[in-house]
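Single-structure report; data block below.
The values are calculated or read from the model by the stated rules, or taken from the named source; none is laboratory data. Keep in mind that this is a model prediction, so the values were computed, not measured. Cβ placement follows ideal geometry from the backbone for every residue including glycine, while neighbour counts extend to all protein chains displayed.
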Ligand code: SAH
Ligand code: SF4
Ligand code: F3S
């Protein structure tokens with residue numbers, strides 16, 4: 001079936017007779033973003049593309065002529081939230097039938113034209129590699145009433161030449177590569193984001209220099225698997241070193257690394273440059289070799305632990321975080337206990353913890369989702385509680401020590417307090433002392449809980 005021409009729009013001119021005035025109000029764009037940091041970075045790219053084409057970005061949905069929802073497919077819940085949101089957006093469309101509603105991102109790529117045929121409110125569907133087509137598909141929709149769909153994945157698109165529109169602030173995301181070739185058996189990302197491809201080193205370095213000039217203080221380099229970064233003969237360590245040298249006033253972080261190919265060179269590069277954060281996010285997923293094998297993670301617990309040992313010996317003050325999935329297919333109580341064991345052994349500063357959610361197309365979709373919901377939830381709770389204890393223990397060890405904190409703003413809980421972050425990505429609260437967002441303050445930690453450090457600024461003499 002032709003996915004276009006499902007619903008006719010009344011051309012704007014016929015309503016007002018004044019196309020120019022209509023164009024004005026028709027150029028306000030509101031983007032709502034779900035999912036991982038890559039999606040948030042992509043929204044800034046979308047804003048960049050649309051800004052260049054004369055659209056104004058608004059943060060007020062009531063004001064907008066175009067609503068785009070940048071979506072995530074990683075777990076069923078992520079999709080359910082967006083589908084629920086679409087029912088609310090229907091109300092906006094009822095009030096303003098000319099409102100353009102688009103689904104972009106991973107759900108667009110996964111569900112394609114179904115979003116248009118099954119959800120009457122949706123006018124546009126664009127996958128993550130098709131954002132350059134947004135302006136023309138919107139024009140076409142307005143001119144002819146044809147709904148637009150563009151969901152091809154690209155082997156080359158990196159949006160290297162697009163200037164993202166970011167909100168002013170302290171922290172910025174910077175995409176360095178797109179896609180993933182790992183095909184972990186539980187994961188939908190290789191299907192929604194396509195094949196791995198890297199931005200040229202020069203483009204990334206130029207952008208990070210600009211971010212420093214614009215007043216950002218903390219930049220996270222993004223990719224699903226940054227260790228696979230390649231630009232001519234340069235690998236990810238070379239890129240990090242180039243960024244560290246080119247933007248000495250920035251704290252630089254990255255996410256995510258895959259344990260299979262995190263190199264010694266990378267750890268040594270982080271050690272060598274003061275402005276590369278001593279913080280590594282290294283998803284383990286499970287502490288059982290049997291489950292890791294079924295997950296197609298391509299490493300063993302022994303290999304993972306040997307990387308952890310190298311990290312800890314070369315970067316003694318490193319902060320570590322991870323991702324864990326509970327209740328993957330066939331996971332036994334013994335496998336689950338091995339996951340708790342590895343958490344105790346590594347002592348992560350933080351963790352992102354999830355219940356396994358089967359995803360269509362993935363290899364694990366063919367396997368039986370045989371851990372019942374109750375067991376998955378109970379195991380997840382045990383993982384969460386253990387992590388809370390470990391985070392608290394690790395944070396308590398910081399009491400009495402001094403850290404450089406970059407101030408981000410007034411604390412959400414009290415206007416008498418400021419909050420900021422350490423190099424290790426820990427949130428710190430200190431009394432208001434005249435420091436402004438972006439200032440670097442030396443702080444002595446006085447107390448800590450599992451989520452936050454509290455301290456006092458050390459006067460500079
Ligand atoms: N590229 C990153 C992860 C991206 S997805 C990496 O490999 O580390 C972020 C996390 O979501 C994953 O690390 C995993 O823990 C979780 N996840 C992915 N697919 C999932 C699924 N089907 N069910 C539950 N959690 C999942
Ligand atoms: Fe998904 Fe694995 Fe790729 Fe991460 S490395 S995005 S978990 S397939
Ligand atoms: Fe979700 Fe897509 Fe990111 S599936 S986690 S938004 S890459």
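Observations on the structure shown:
- Restricting region 184-201 to residues that are part of a loop (DSSP other than H, G, I, E, B) and touching a strand residue (DSSP E or B) at 6+ places or on another chain (Cβ under 9 Å), the residue that is nearest to ligand 1 (Cβ to nearest atom) is 186.
- Restricting attention to region 322-378, the residues that are surrounded by fewer than 17 Cβ atoms within 10 Å (Cβ to Cβ) and on the phi > 0 side of the Ramachandran plot total 3.
- Annotation note: of 261, 238, 289, the sole residue that is more than 16 Å from ligand 3 (Cβ to nearest atom), modelled with pLDDT under 95 and either closer than 27 Å to residue 164 by Cα or touching a helix residue (DSSP H, G or I) at 6+ places or on another chain (Cβ under 9 Å) (or both) is 261.
- Leading residue by the ranking (nearest to residue 187 (Cα to Cα)) among those in region 272-286 that are surrounded by fewer than 23 Cβ atoms within 10 Å (Cβ to Cβ) and within 16 Å of ligand 3 (Cβ to nearest atom): 283
- When each of 307, 311, 252 is tested for being under 29 Å from residue 384 (Cβ atoms), buried (at least 17 other Cβ atoms within 10 Å of the Cβ) and touching a strand residue (DSSP E or B) at 6+ places or on another chain (Cβ under 9 Å), the lone residue that passes is 311.
- Close pairs (8 angstrom Cβ cut-off, 6 or more residues apart or separate chains): on the phi < 0 side of the Ramachandran plot and without any contact (Cβ under 8 Å) to a residue 12 or more places away in the chain in region 26-37, part of a strand (DSSP E or B) and more than 16 Å from ligand 2 (Cβ to nearest atom) anywhere: none
- Of the residues in region 112-134, at least one is touching a residue at least 12 places away in the same chain (Cβ under 8 Å), more than 21 Å from the chain's Cα centre (by Cα) and farther than 27 Å from residue 75 by Cα.
- Test for residue 319: is it over 19 Å from residue 296 (Cα atoms), more than 16 Å from ligand 3 (Cβ to nearest atom), out of contact with any helix residue (DSSP H, G or I) (no Cβ under 6 Å at 6 or more places or on another chain) and at pLDDT below 95: no
- Assessment of region 318-333 against the conditions (assigned to a helix (DSSP H, G or I) and touching a residue at least 40 places away in the same chain (Cβ under 8 Å)) yields no matching residue.
- Annotation note: Cβ proximity below 6 Å between a residue of region 243-257 that is free of Cβ contacts under 8 Å to residues at least 60 places away in the same chain and a residue that is in a loop (DSSP other than H, G, I, E, B) and surrounded by 20 or more Cβ atoms within 10 Å (Cβ to Cβ) (sequence gap 6+ or interchain) occurs for 257/282.
- Some residue of region 205-224 being within 16 Å of ligand 3 (Cβ to nearest atom) and assigned to a loop (DSSP other than H, G, I, E, B): yes
- Tally of residues being within 30 Å of residue 357 (Cβ to Cβ) and either within 12 Å of ligand 3 (Cβ to nearest atom) or over 23 Å from the mean Cα position of the chain (by Cα) (or both) across region 49-69: 1
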